[in-house]
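Asker: Structure incoming, see below.
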Amino acid sequence: MSHTESPVRDRIVKTIYQEAESIASRVIKRKKSAFDWDTRLDDILTSRWFGLPIMFLLLGFVFWLTIIGANYPSQLLAKILFWGQDQLSVIFQWFGAPQWLHDFFVLGVYRTVAWVVSVMLPPMAIFFPLFALLEDSGYLPRLAFNLDRLFKLAGAHGKQALTMCMGFGCNAAGVTACRIIESPRERLIAIVTNNFVPCNGRFPALIALAFIFMGGLAGVGAAALTVAGIVMTGIAVTLLTAWFLSKTLLKGVSSAFALELPPYRLPQIGRTIIRSLFDRTIIILTRAVLVAAPAGGLVWVLANIRPGEHSILIYGAGLLQPLGQALGLDGFILLSFILGLPANEIVLPILLMSYLSAGSMVELDSLPALKMLLVNGQGWTWLTALCTMLFSLLHFPCGTTLFTIWRETKSVKWTGLAIIIPFTVASIVCFVINWTVRTLGLI
């Protein structure tokens, strides 16, 4: 199957497949009563009218299952891990450790790690296996096929739909996958815009915020649709940015390609779930913990070193406060995104450590406790949460992805643009939404 603007190429591809079918029909015997499930399913799942709505509903269902299933395990894990925090405090006191050492390791390092594990592990343990089942069943190539025509209209290569699907796992992997695009111009477009697809590291924070704010307003279904809507927004921004680049910095004619869809197959449920748990959940969580531990310690240090009346953390957040307010955020949120450059997984933990170190010493043993901190302690509204989710979706890539971009392009210029373009897009989107909501008096 292909979406292409070249009639000649269409005829060539069609002739090749017709000849292949003719050869196959002479050597393969099929029962007359055999029902072609692949063709029937593709008539629906890759339909011009039903393909994209089905994709949206399917993503919404996956997120709904994730949100429903993650809450109670998260609370249980938090109780266990924060019980461990109390035991660590007893051990430090037994050894007579100084207070600053206790606070650095227990309230800085350990508390951040405990929050990362308790809040991130349950959603990942549910979402990644579900996503792997979609991949194993053969649906993801259909998702790429549905988006192929849109990428053509945006002046990009149809194969970018495949690299975008890779970005759902990891943006760095998505950037590396752009090697399949032969055109240097279209490869650069795919590389620069791959970050607009939410990766593994951003999904837990998006799900947690959607559950706390949108779920609290209109139920779990609204939270699931919010996350699905965020994903669709990322796809829309990818297309718009690709179109803009194809008309300005990277002008050119789009090339065509034929996408051969694999057959549908029943996924090996047990094997797929185990593989996704070890290949994605455990690896991503391990990386998050390894980065979150020193980050928690760094934030504690920044929050407790006082060159003047306030800590370095508060001074830094104060400098960013005007920009943050214009974007519907605050200075602490922007600072957390900057300090979270090494990995997207640690942005929300850094933000919480920043709030906690600023004076609100609350043990985040559940999502309701997180809501209490954000709403009662810091004055968050649904608009703050929405702008934070959109900024998380659209902001500059993590350090690993930036290194991969530099390695693939061998260009400081394009690596820099890979920072500037997403940050500019994120700022414009958040500013417009914040200004519109406040101007209309919706909050």
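The values are calculated or read from the model by the stated rules, or taken from the named source; none is laboratory data. All of these numbers come straight from a predicted model, not from anything done at the bench. Methodologically, a virtual Cβ is constructed for each residue, glycine included, from the backbone with ideal geometry; neighbour enumeration extends over all protein chains shown.
Asker: Looking at region 180-220, which of the residues that are free of Cβ contacts under 8 Å to residues at least 24 places away in the same chain and part of a helix (DSSP H, G or I) is farthest from PHE131 (Cα to Cα)?
Answerer: Once the filter is applied, the top-ranked residue is PRO184.
Asker: Can you pull out every residue in region 76-97 that is aromatic (Phe, Trp, Tyr) and surrounded by 14 or more Cβ atoms within 10 Å (Cβ to Cβ)?
Answerer: Passing the criteria: PHE82, PHE92.
Asker: For CYS199, work out the one condition from (1) of a type outside the set (Phe, Trp, Tyr); (2) at pLDDT below 85; (3) over 25 Å from ARG48 (Cβ atoms); (4) more than 17 Å from the chain's Cα centre (by Cα) it doesn't fulfil.
Answerer: Failing condition for CYS199: (4).
Asker: For region 85-119, name all the residues that are over 30 Å from the mean Cα position of the chain (by Cα), part of a helix (DSSP H, G or I) and more than 16 Å from LEU298 (Cβ to Cβ).
Answerer: ASP86, GLN87, LEU88, SER89, VAL90, ILE91, PHE92, GLN93, TRP94, GLN99, HIS102
Asker: Hey, can you tell me all the residues within region 372-397 that are closer than 20 Å to ILE428 by Cα and either at pLDDT below 90 or of a type in the set (Phe, Trp, Tyr) (or both)?
Answerer: Listed by number, the residues that qualify are TRP382, PHE391, PHE396.
Asker: Does VAL301 meet the test of being within 19 Å of the chain's Cα centre (by Cα), of a type in the set (Val, Ile, Thr) and surrounded by fewer than 23 Cβ atoms within 10 Å (Cβ to Cβ)?
Answerer: Here the answer is no, as VAL301 does not meet what is asked.
Asker: Right, here's the next one. For region 154-168, does any single residue satisfy the condition of being polar (S, T, N, Q) and in contact with a Leu (Cβ under 8 Å, 6 or more places away or on another chain)?
Answerer: No, the conditions are met nowhere in region 154-168.
Asker: Suppose the filter is in contact (Cβ under 8 Å) with a residue 60 or more places away in the chain and hydroxyl-bearing (Ser, Thr, Tyr); does THR272 pass it?
Answerer: For THR272, the condition - in contact (Cβ under 8 Å) with a residue 60 or more places away in the chain and hydroxyl-bearing (Ser, Thr, Tyr) - is met.
Asker: For region 259-281, which residues satisfy the criterion of being at pLDDT 80 or above, of a type outside the set (Lys, Arg) and either closer than 17 Å to ALA173 by Cβ or not in a helix (DSSP H, G or I) (or both)?
Answerer: Correct list: PRO262, PRO263, TYR264, LEU266, PRO267, GLN268.
Asker: Could you grab me the full set of residues in region 221-258 that are outside any helix (DSSP H, G or I) and modelled with pLDDT under 85?
Answerer: Answer for region 221-258, where residues must be outside any helix (DSSP H, G or I) and modelled with pLDDT under 85: LYS251, GLY252, VAL253, SER254, SER255, ALA256, PHE257, ALA258.
Asker: I'd like to know if region 279-288 contains one or more residues that are buried (at least 20 other Cβ atoms within 10 Å of the Cβ) and without any contact (Cβ under 8 Å) to a residue 60 or more places away in the chain.
Answerer: no
Asker: I'd like to verify a number: residues in region 384-414 that are more than 27 Å from ILE433 (Cβ to Cβ) and of a type outside the set (S, T, N, Q), how many?
Answerer: 10
Let's see how each residue does on (1) touching a His at 6+ places or on another chain (Cβ under 7 Å); (2) at pLDDT 85 or above; (3) more than 24 Å from GLY69 (Cα to Cα):
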{"site": "VAL90", "(1), (2), (3)": "no, yes, yes"}
{"site": "LEU107", "(1), (2), (3)": "no, no, yes"}
{"site": "VAL113", "(1), (2), (3)": "no, no, no"}
{"site": "VAL119", "(1), (2), (3)": "no, no, no"}
{"site": "ALA125", "(1), (2), (3)": "no, no, no"}
{"site": "PHE131", "(1), (2), (3)": "no, no, no"}
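Asker: Another question about this same structure. Within region 418-428, can you find the residues that are of a type outside the set (Ser, Thr, Tyr) and surrounded by fewer than 19 Cβ atoms within 10 Å (Cβ to Cβ)?
Answerer: ILE419, ILE420, PHE423, ILE428
Asker: Please find, within region 429-443, the residue that is surrounded by the most Cβ atoms within 10 Å (Cβ to Cβ) out of those that are assigned to a helix (DSSP H, G or I) and in contact with a helix residue (DSSP H, G or I) (Cβ under 9 Å, 6 or more places away or on another chain).
Answerer: Looking at the filtered set, the residue picked out is CYS430.
Asker: Could you pull out every one of the helices (runs of 4 or more DSSP H) wholly within region 304-415 that has 3 or more residues that are in contact (Cβ under 8 Å) with a residue 12 or more places away in the chain, surrounded by 22 or more Cβ atoms within 10 Å (Cβ to Cβ) and of a type in the set (Val, Ile, Thr)?
Answerer: 399-409
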